[in-house]
1. Can you sort K102, K186 by how many other beta carbons sit within 10 Å, fewest first?
2. Test of understanding: ordering Y131, Y179, Y169, Y226 by Cβ neighbours within 10 Å, fewest first, what list do you get?
3. Can you sort D189, D275, D235 by how many other beta carbons sit within 10 Å, fewest first?
4. Using the Karplus curve 6.51 cos²θ - 1.76 cosθ + 1.60 with θ = phi - 60°, what ³J(HN,Hα) values do you get for each residue of the range 190-207, in whole Hz, with x for Gly and Pro?
5. In Å and on Cα atoms, what radius of gyration and Dmax does the range 223-265 show?
6. Could you tell me the ratio Rg/Rh of the range 6-211? Both radii from Cα atoms, Rh via Kirkwood.
7. When the Karplus curve 6.51 cos²θ - 1.76 cosθ + 1.60 is applied with θ = phi - 60°, which whole-Hz ³J(HN,Hα) does each residue of the range 168-181 get, with x for Gly and Pro?
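We did not get these values from a lab; they are worked out from the coordinates using the rules stated. Fair warning: this is a prediction, and the values are worked out from it, not measured in the lab. All Cβ positions, even for glycine, are placed from backbone atoms using ideal geometry, and neighbour counts span all protein chains on display.
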Amino acid sequence: MPELDQSQLKVSPLGEVSKFLSAHENFKNAFISSSIPQVCKDEPCVLGVDEAGRGPVLGPMVYGIAFCPIESNKELVDLGCADSKELTEEKRDIIFANMNTKESSNSCIGWSVEVISPSVISANMLRRTKYSLNEISMDSAIGLIKRAADEGVNIAEVYVDTVGPPEKYQAKLSNIFPYYKITVAKKADSTYPIVSAASICAKVTRDHALKLWRFPEGLKLSHETYGSGYPGDPDTKRFLSENADLVFGYPNLVRFSWSTAETALNGHAYDVEFDDIDDTKQEYEGEQITKFFKGKTIKGQIKRERHQFFKRRFLGKVEF
């Protein structure tokens, strides 16, 4: 991944998550996490990994982990942790709130999420050396596990909802984390309560990130306008057809690396042709006008700030 600005927040209640997301610059990745219960440092813990938003053409992908002592599995069941896709949005919010506010839960359960912006996803998938969504996903999961370990969580067992073939993914994780018991499985979110808890944290965060999305492009739209973000959603299709700039394409809510976005742009936006750059420099012996400008280099050249349009999309000059 390219070097990126990342925001971090230690939070508990859902209101703090929402407040952070509403102020966050959407083109950056962000880490949000709970405080770590002392018992999770003292006793062997089980840790679950899952994601929300791999498939949508709109919005971030969120990877989440949850962890608790192995002996506290019943607390997850009592909370109602189940596959987040099978729960209503209201039910997920209630479980997440209880996870953070009920003393019996927040005294033994911790969690962390990484919000991966659509701009970061697209910039990586379209760079010259391809960096696939599976690689982005695995690296996010590995990074979250490492962060938990670095912060003192006493990890003993790890359960992961698979990306790609579970056997290959499990072998990869076992090689990185040889001291943990690693289980990678399909539909782990509906099998293991700790993965379900991670799934709920990820899904709640993505839901609220979409609701609170701020458009730096100046669009004034509510989340009802663009729907769930999945390509088959009629509201999402309508959003893509009605919000394409003829020159600059889509706002940064859209994953412009998705074929869905490319197809929707065809016939709606201008074709752009780039001229070859003439590298021949004209010799000039007089005073350079740049000497009168602020922000000069020693040689009198202007240090120009890249426009936010390019910064938010991680676009840079390419030399062949």
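1. Details: K102 14, K186 11.
Starting with the residue having the fewest Cβ neighbours, the order is K186, K102.
2. Details: Y131 16, Y179 8, Y169 21, Y226 26.
If I rank by nearby Cβ atoms, fewest first, I get Y179, Y131, Y169, Y226.
3. Details: D189 31, D275 5, D235 16.
Ranked by crowding around the Cβ, least crowded first: D275, D235, D189.
4. Rounded to whole hertz, the list is 9, 10, 10, x, 5, 6, 4, 4, 5, 4, 5, 4, 5, 5, 4, 5, 5, 4.
5. 9.4, 26
6. On the Cα set of the range 6-211, Rg over Rh gives 0.94.
7. Karplus-based 3J(HN,Hα) across the range 168-181 equals 5, 5, 5, 5, 4, 5, 5, 6, 7, 10, x, 8, 9, 7 Hz.
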